[in-house]
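Read through the structure below, which is laid out as structure tokens, and then see the notes.
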Amino acid sequence: MKILSTLITLGALGAGAYWANENHPEIKHKVFELLNTGSFHTLEVRHTGKQIMEQNRSQLLKTSRHKYKDATLKFSPYLLMEVKFTNNRNTTGEGIILWDMLDGEMVINTQDWEKTHGFGDCINANCDREEFKVINLLASKGGSLDRQGFINILKVENDLLDHWLEKCRKKRLIVQTGNQYRLHLQDPKLNVLPQTLIDDRLVTKPYKAAERIHRRYSSAQIRRTTERAFGQDFAIRSTLDVYLPIMSITVENPDGTLHTSNWNALNGRRLPQSTFIE
């Protein structure tokens, strides 16, 4: 009975850990934060807080009565994946993907930090392979297509196509207007090769005194989504948790209120505020 009780307890703990990892990755992050005493991988800081404040003074300090507070350095979580896939020339391509674990989007290149738009919605909706067939086809056709277009390209039975379309519609991924279907996104960007153009080096930083932002999406969620989205020839060879250095610049307004903006410390560009809203 004692052995059985132990097995039940271990099973419950395992199930609880899996649930937390899948549904609340920030809990797992907090646990590791307490346990880790080593270092983590991050992209290199190329723009300091002082440099960003000087370069953007006219934008951030509206009047002489606006004042800078001290800049703070944070680290935003990404998943780096070494992958292989079939490219546009129908040959095998190999590369690296950098995936944002806050907004659920892939970085297309690190120079201007261009990203996809729409994968975060797909992760939230837990899209399956069939739903991605609909979404990817719409993305390749500029975001909209009529029903006959789906039939001609996907070559599936009417009932099966209707089932796929209805699933996407119920998940608010597509919108139907008469016989026309379109992606339910503003300026979608999903028709991309699974590869990030990256020429920046990784460095390591001690955990101690490094403020890391809690991730919203787990590596399991991102792996599952990419494997469904990029087709049967897509394979993930390895993964690594990495971080992007973020400079938080706070300005004190004349009335004493504070305004904080976040800046990519790799390229010195301002990041969308919506990314950091909980």
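Only the coordinates and a few stated rules stand behind these numbers; no lab work does. Just so it is clear, the model here is predicted, and its values are computed rather than measured. In this analysis, Cβ positions are derived from the backbone assuming ideal geometry, glycine residues included, and neighbour counts consider all displayed protein chains.
Things worth noting here:
- The helix-based estimate of mean residue ellipticity at 222 nm for the chain, built from -39,500 (n - 2.57) per DSSP H run of four or more residues and divided by its residue count, is -10000 deg cm²/dmol to the nearest 500.
- Debye, to nearest 20: dipole size of the chain, +1 on Lys, Arg Cβ, -1 on Asp, Glu Cβ: 380 debye
- Using θ = phi - 60° in the Karplus curve 6.51 cos²θ - 1.76 cosθ + 1.60, the 3J(HN,Hα) couplings for segment 221-231 round to 4, 5, 4, 4, 5, 5, 5, 7, 6, 9, x Hz; x is entered for Gly and Pro.
- Comparing R237, R201, R147 in a Gaussian network model of the chain (Cα springs below 10 Å), the most mobile by mean-square fluctuation is R201.
- Between the amide H of Y217 and any residue lying 5 or more places away or on another chain, no distance stays under 5 Å, with hydrogens modeled in the peptide plane.
- Orphan Cys of the chain, criterion: no other Cys C-beta under 4.7 Å: C168
- The chain: angle of helix 2-23 to the longest principal axis, Cα-based, in degrees nearest 10: 80 degrees
- Comparing S64, G38, T177 along the charge dipole axis of the chain, the residue lying farthest to the positive side is S64, per the Cβ-charge model.
- A Gaussian network model of the chain, with springs between Cα atoms under 10 Å, assigns the largest mean-square fluctuation among I52, I198, I151 to I151.
- In sequence order, segment 41-49 has phi-based couplings of 8, 8, 6, 6, 6, 10, 10, 7, x Hz under the Karplus curve 6.51 cos²θ - 1.76 cosθ + 1.60, θ = phi - 60°, and Gly or Pro positions carry x.
- Angle between the chain longest axis and helix 158-170 axis [Cα atoms, degrees, rounded to 10]: 20 degrees
- Here the Karplus relation 6.51 cos²θ - 1.76 cosθ + 1.60, evaluated at θ = phi - 60°, turns the backbone of segment 99-112 into coupling constants of 10, 6, 8, 9, 9, x, 10, 8, 7, 7, 8, 8, 5, 10 Hz, with x for every Gly and Pro.
- Other-chain or far-sequence residues with amide H under 5 Å of K115's (modelled H): I108
- Database remark: amide H of F40 closer than 5 angstrom to the amide H of K205, Y207 (H placed geometrically; neighbours at sequence offset of 5 or more, or on other chains; Pro and chain starts carry no H).
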